[in-house]
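A.B. asks: Take a look at the following structure, please.
Read-outs: derived from the displayed coordinates by stated rules, not from any lab. These numbers were taken from a predicted model, which means no experiment stands behind them. Neighbour counts are summed over all protein chains in view; Cβ atoms, including those assigned to glycine, are modelled from backbone coordinates with ideal geometry.
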Amino acid sequence: MPFCRTKCSFCNFASGVFSRALFDRYVGQVCAEIEAANDTARDLGGQLDCRVDSIYLGGGTPSVLAPDQLQRLFRAVRENFEVERTAEITVECAPGTISGEVIDALLGRGVNRVSLGVQSFVDKESSSVGRLHSRAITLDDIARLRSSGIGNISIDLIAGLPHQTEESWQLSLGETIGSGVPHVSVYMLEVDEDSRLGTELLAGGSRYHAHFVPDDDRTADLYLAACESLEQGGVQQYEISNFARPVTHGIGLRDSKHNLKYWTRQPYLGFGVDAHSMLFAGDDLHATGIEAVRFATPDSLEGYSAANDVAARAEQLLASRTLVNAQAALEESFFLGLRLNRGVSVTALKAQFGDQAIGSCSTVIAELIEDGLVEHWADRLRLTSKGRLLSNEVFARFLREETVDLH
Ligand code: SF4
């Protein structure tokens, strides 16, 4: 969804503040893409299972859409897929955009989970990056969502915002834990070089509070403090950036079904600007050694909107298609699976890719263990807390090693 109320200073995602006149046309194009999903999957050589157990409407701020536009999107999904009765249906919302009308529209569409882009409960910090909400508005939104029956709420926080200190960060963490929401995501601020804040960090200036952005070491400390405080508050880490409370009266965590699909390499379809998809290969491609196909739509509203009909959209998607062979699938299994605290099962990977392919990684695994970045845990490999902080380095070393050994 490329529409937002304001543009955050650090963000260079294909989103912005567009006129409402564009919303309708965009929704129509996304609906057309959903309707063509079956043909698209076939044309790109993927297998499509029409049963759906997770829907996620996100990117930008979907809650700025009018209720009838939300309705059209969900209707298109329900008319073209079999949405399971227990499906997790999430919509990303910005605090301050959740009117009674929006809540009614969400409930009417079967939405049972809301992801709130809070980023900080300290008003000075959120306003410094262009957010319009306050702590009071956020707490009010949470209360109203709950009283309307949507208690499955996730809060996004950012470590490393301008003006953030250890004390102010603890305030945000305390409000988050105190709110009792079952899911929290914590990201370390990543400033896109081409964003307004990124430009100011490189070129100097004071408009976007660049002077007040904590340095990388302090941001890493804030992230570690979040892991500790959330754990103490009963919100357990299950992925590098994600934390969940245990399910009441049950086993397991209130983790995000949607995100687990990425990390465990399950197929998913994305629609709209800069939407990525992964499908297992159909029989013809599979016979040639291809495991999966990945494809994506253009990353700008202009590029996306340029496809006026189904044929033009199919051409865009075909141009973006990547064929994933066994080697690439193994690499993905490592660097996606290691994001999870439970890590990856070596037994399962051996069964899928063979002993030889996994054995080829033994040198890098031994090095990572020696460096304190990865550890064995029963038959699994998982990141240590140091490894979670330096995860990009771990993933790069796996990729490099596999490329050498498996060619
Ligand atoms: S960070 Fe999210 S809400 Fe802010 S501009 Fe980017 S997409 Fe929109």
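A.B. asks: Using the crude model of +1 on Lys and Arg Cβ and -1 on Asp and Glu Cβ, and no other charge, please compute the dipole size for the chain relative to its Cα centre, in debye to 20.
C.D. replies: 1080
A.B. asks: Oh, and also: Once you list every other residue whose beta carbon is under 15 Å from the beta carbon of T347, what net charge do they have if Lys and Arg are +1 and Asp and Glu are -1?
C.D. replies: Charge balance in the 15 Å sphere: +2.
A.B. asks: Still on this structure, I have one more. From Cα pairs below 8 angstrom and at least 6 apart in sequence, can you work out the relative contact order of the range 274-407, rounded to a whole percent?
C.D. replies: Normalised by residue count, the contact order of the range 274-407 is 20 percent.
A.B. asks: Right, something else. Among rounded, prolate and oblate, which fits the range 181-292 when a ≥ b ≥ c are the square roots of the eigenvalues of its C-alpha gyration tensor, a/c under 1.5 means rounded, and a/b larger than b/c means prolate?
C.D. replies: Note, shape of the range 181-292 comes out oblate.
A.B. asks: Would you mind classifying the range 308-366 by shape? Square roots of the alpha carbon gyration tensor eigenvalues, ordered a ≥ b ≥ c; an a/c under 1.5 is rounded, otherwise it is prolate if a/b is larger than b/c and oblate if not.
C.D. replies: prolate
A.B. asks: Note the count of lysine pairs whose C-alpha atoms are less than 30 angstrom apart in the chain, limited to pairs 8 or more residues apart or on different chains.
C.D. replies: Within the chain, the lysine pair count is 8.
A.B. asks: Please state the relative contact order of the chain as a whole percent: Cα pairs under 8 Å, 6+ residues apart?
C.D. replies: Reported as a whole number, the value is 13 percent.
A.B. asks: Hey, any idea what the orientation-averaged projected area of the convex hull of the range 92-219's Cα atoms comes to, in nm²?
C.D. replies: With every direction weighted equally, the projected area is 8.0 nm².
A.B. asks: Apply 1/(1 + (r/R0)^6) to the Cβ-Cβ distance of R321 and D355, taking R0 = 41 Å, and write down the FRET efficiency to the nearest 0.05.
C.D. replies: So the FRET efficiency works out to roughly 0.85.
A.B. asks: Multiplying the sequence separation of F13 and L139 by 0.36 nm and subtracting their Cα-Cα distance, what value in nm do you get?
C.D. replies: Gain in length upon complete extension: 42.7 nm.
A.B. asks: Let me ask you something else. Cα-based Rg of the range 20-255 per 2.2 N^0.38 Å, rounded to two decimals?
C.D. replies: Its radius of gyration relative to the 2.2 N^0.38 Å reference: 1.10.
A.B. asks: Sticking with this one: Consider all pairwise Cα distances in the chain and report the whole-number % of them above 38 Å.
C.D. replies: Distances greater than 38 Å cover 22 percent of the Cα pairs.
A.B. asks: Out of V293, G130, S99, whose Cα points farthest toward the positive end of the dipole of the chain (charges: +1 Lys, Arg; -1 Asp, Glu; placed on Cβ)?
C.D. replies: The residue sitting farthest along the positive end of the dipole is S99.
A.B. asks: Continuing with the same structure: Which order do peptides 107-117, 361-371 fall in by mean Cβ count within 10 Å, highest first?
C.D. replies: For the peptides 107-117, 361-371, the packing ranking is 107-117, 361-371.
A.B. asks: Moving to a separate point now. Find how many whole Å separate the alpha carbon centroid of the range 47-104 from the alpha carbon centroid of the range 128-160.
C.D. replies: 18
A.B. asks: With +1 on each Lys and Arg Cβ and -1 on each Asp and Glu Cβ, and nothing else charged, work out how big the dipole of the range 5-128 is about its Cα centre, in Debye to the nearest 20.
C.D. replies: Using Cβ point charges on Lys, Arg, Asp and Glu, the range 5-128 gives about 320 debye.
A.B. asks: A further question on this structure: Only four residue types carry charge here, +1 at the Cβ of Lys and Arg and -1 at the Cβ of Asp and Glu. Report the dipole size of the range 260-407 about the Cα centre in Debye, rounded to the nearest 20.
C.D. replies: Rounded to the nearest 20 debye, it is 500 debye.
A.B. asks: Another question about this same structure. Taking H as built 1.01 Å from N, whose amide H comes closer than 5 Å to the amide H of Y238, not counting residues under 5 places away?
C.D. replies: F243, A244
A.B. asks: Let me ask something additional. Of Y262, F81, L222, whose Cα points farthest to the positive end of the dipole of the chain (charges on the beta-carbon: +1 Lys, Arg; -1 Asp, Glu; origin at the Cα centre)?
C.D. replies: Farthest towards the positive end: F81.
A.B. asks: Taking 0.36 nm per residue of sequence separation and subtracting the Cα-Cα distance, how much length would be gained by fully extending the chain between A312 and R25, in nm to one decimal?
C.D. replies: Contour length minus the Cα-Cα distance gives 101.7 nm.
A.B. asks: Note down the nm distance, to one decimal, between modelled labels 7 Å out along Cα→Cβ at T165 and at S147.
C.D. replies: 3.5
A.B. asks: Would you give the gap between the C-alpha center of the range 290-336 and the C-alpha center of the range 351-393, rounded to a whole Å?
C.D. replies: Centre-to-centre distance over Cα atoms comes out at 29 Å.
A.B. asks: Mind checking Rg over Rh on the range 290-335, alpha carbons, Kirkwood formula for Rh?
C.D. replies: Checking Rg against Rh, the ratio lands at 1.13.
A.B. asks: So how much slack lies between D217 and D283, counting 0.36 nm per residue of separation and subtracting their Cα-Cα distance, in nm?
C.D. replies: 18.9 nm
A.B. asks: Same structure again: If I model a spin label at R75 and H276 as a point 7 Å from the Cα along the Cα→Cβ vector, what separation in nanometres do I get?
C.D. replies: Spacing of the two 7 Å Cα→Cβ label points: 3.3 nm.
A.B. asks: Right, another one. Once you order the gyration tensor axes a ≥ b ≥ c over the Cα atoms, which shape class does the range 251-297 get: rounded for a/c under 1.5, otherwise prolate or oblate by comparing a/b with b/c?
C.D. replies: Verdict is oblate for the range 251-297.
A.B. asks: May I pose another question? For every helix of n ≥ 4 consecutive DSSP H residues, a contribution of -39,500 (n - 2.57) applies; sum these over the chain, divide by its total residues, and give [θ] at 222 nm rounded to the nearest 500 deg cm²/dmol.
C.D. replies: Value at 222 nm, helices only, nearest 500: -13500 deg cm²/dmol.
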